[in-house]
Every structure is written in C-alpha cells, then in structure tokens.
Amino acid sequence: MDRSTSPSSPHLRLLGQFRLTYGAEAVNLSGNAQRLLALVGLRSCVSRTVLAGTLWPEATEARARGSLRSALCKLPHGDRRLVICCRNTVSLVDSVTVDARVLADTALRVVRSPGAPGVTGVEAVPAVLFGDGELLPGWDEDWVLLERERLRQLRLHALDALANGLAREGQHALALETALTSVRTEPLRESAHRAVVAAHLAEGNVHEAVRHYVAFQRLLHEELGVPPSALFARLLQSGGERRHTPSPLRDERGRTLQTRRAASVVGADGPRPP
C-alpha cells in the first residue's frame, strides 16, 4: 500500500491546537520540535539558515544552528520520519498531510478558477473552507502571525469567490451559506456582504437583499463611521431595477415597490447614512 494513502500515514494538524497523528495514534513532541515541524509543514521546504533564524531570532547564529540540530533530533526517525534533512535544507516527507496546506491549496484553486467545473458544483463545494480553526491559536511568534493572516485572507477570498460562483450557477442556498460563512469570519468585510446581497438578488429576493444591506450599512456606520462603497450601492440598485416581476403594486414610473424600496435605501447619489 502506498504510504501516502495509508491509514497510518502521518497527519499534522495546525488549524486549532497542534496535533501530530499516525492514524489514530497521537504523538507528543517537545515545544521546539513542534515549532520546527509546524514551520516546515507550512512551507514544505526551508533552508537551515532560515529555519534557525526564524525559530531562534534572538540567538547567535551558532547557537541557533545548535538549537535546530537539537530540535531535529527530537523528531521521529526511521520509518516514521517526518522531514528529510539535506546539507542546506529541511523538507517535509511527501506522506505527511498538513491541514493548513490543504486549506491553502484549496483556497488558491477556488480563487484562480471560481467558476470551473468541479469547483462550484453542488457535490464539490470544498468543505475545508467552512472550518473554524485558526492557525496555531496562542502562538504569537512573528512567523505564525504572518502565516495566520495569509491563511485567513486566502480563505476569505475563496469564500467570496465561491459564493459568487454558486450564485451564478443558480445554487442560491449554497451561495448564501458560503457568503454568510465569510461574514461570520469577518463581519466588517464588505465583499462578503456584497456576496450575500448578490445571492439574494440572483434568487429574486430584493427585500432580503435590501434588509441585509441596511443591516450592514448600520453596522459599518456604528463601527467605523463610514458608509458602504458606491460599488455596493450600485449592486443593490441595479439588482432591484432588473427584477421587474408582474405586480399591480407599481408607482407612476412603472417600478415595483421592491425596486422603489431599494432606490430609497441607496439614494440617487449613493448610500445614505443610517
């Protein structure tokens, strides 16, 4: 059996608390060994100089290299080895699965091709994007903070792109769930709220779109003292004007009451403050 598909292949969990397992068996590592494995796991292959300088930035070069050698010795060896040590680099063994890298690779694939077959189809919505785990919570080193923010932004962009792609495909419920997941992750992110409104408009629910816009408008005003962008206002206004469903409830210009409501919220010159 291929080690990469074996149930006992090593799995490195970095989203949430650090955890290394071989199948159902958990392996305990020292703090420095955890830090070393986490950094190599995130970057796949790292030079020894970068590893030593990143993990022990305040130590002299000689002491940092010594600490690196010590940490490497504390990792599993033999059939259970996790890294390959060359003269100048340390790289991750191919059989090791890293959840953070799975998330990053999935998010990049969605961002690059949000409308490609197999990416936004109902049966192929990437579940990994909907997880709540933060990268190594409680770790406050600079390299962790940088990687954490990188993953957060990648995931948010992927959720926005996926939501818009699903709406275009007519998968409105999935589009809303995806967009609202992005909103829950970052409540002040306008692009996520635009994806929610776009999904409502794609389904013809102008009232829901207006209601969500007004709630976000109020939140943005309370938290930052600014209105939504003109782009958001145009999305709502144009979306409402496109939905001319037959109804006796029209004004003298032939617009539905829902369209009038949308226009009254955003105004002719852009969004109005709450």
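Rule-based calculations on the coordinates, nothing more; no lab input. These numbers were taken from a predicted model, which means no experiment stands behind them. Cβ sites come from the backbone with ideal geometry, for glycine too, and all protein chains shown count toward neighbours.
Do the conditions hold for T185, that is, is it surrounded by 14 or more Cβ atoms within 10 Å (Cβ to Cβ), β-branched (V, I, T) and closer than 24 Å to L12 by Cα? Working first, answer last.
Details: surrounded by 14 or more Cβ atoms within 10 Å (Cβ to Cβ): yes; β-branched (V, I, T): yes; closer than 24 Å to L12 by Cα: yes.
Yes: the conditions hold for T185.
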**Study point:** Sole exception among (1) crowded, with 23+ Cβ neighbours inside 10 Å; (2) under 22 Å from the mean Cα position of the chain (by Cα) for Y213, by number
**Key:** (2)
Practice item. Could you tell me whether region 169-178 includes any residue that is under 15 Å from the mean Cα position of the chain (by Cα) and closer than 20 Å to A100 by Cβ? Key: no
Check your understanding: Looking at region 155-165, is at least one residue surrounded by fewer than 19 Cβ atoms within 10 Å (Cβ to Cβ), in a helix (DSSP H, G or I) and charged (D, E, K, R)?
Key -> no
Point to revise | Output for region 68-100, where each listed residue is touching a Phe, Trp or Tyr at 6+ places or on another chain (Cβ under 8 Å) and crowded, with 17+ Cβ neighbours inside 10 Å | key: L68
Exercise for review: Please work out which one of (1) among the β-branched types (V, I, T); (2) touching a helix residue (DSSP H, G or I) at 6+ places or on another chain (Cβ under 7 Å); (3) under 30 Å from V102 (Cβ atoms) is the condition V144 fails and give its number.
Suggested key: (2)
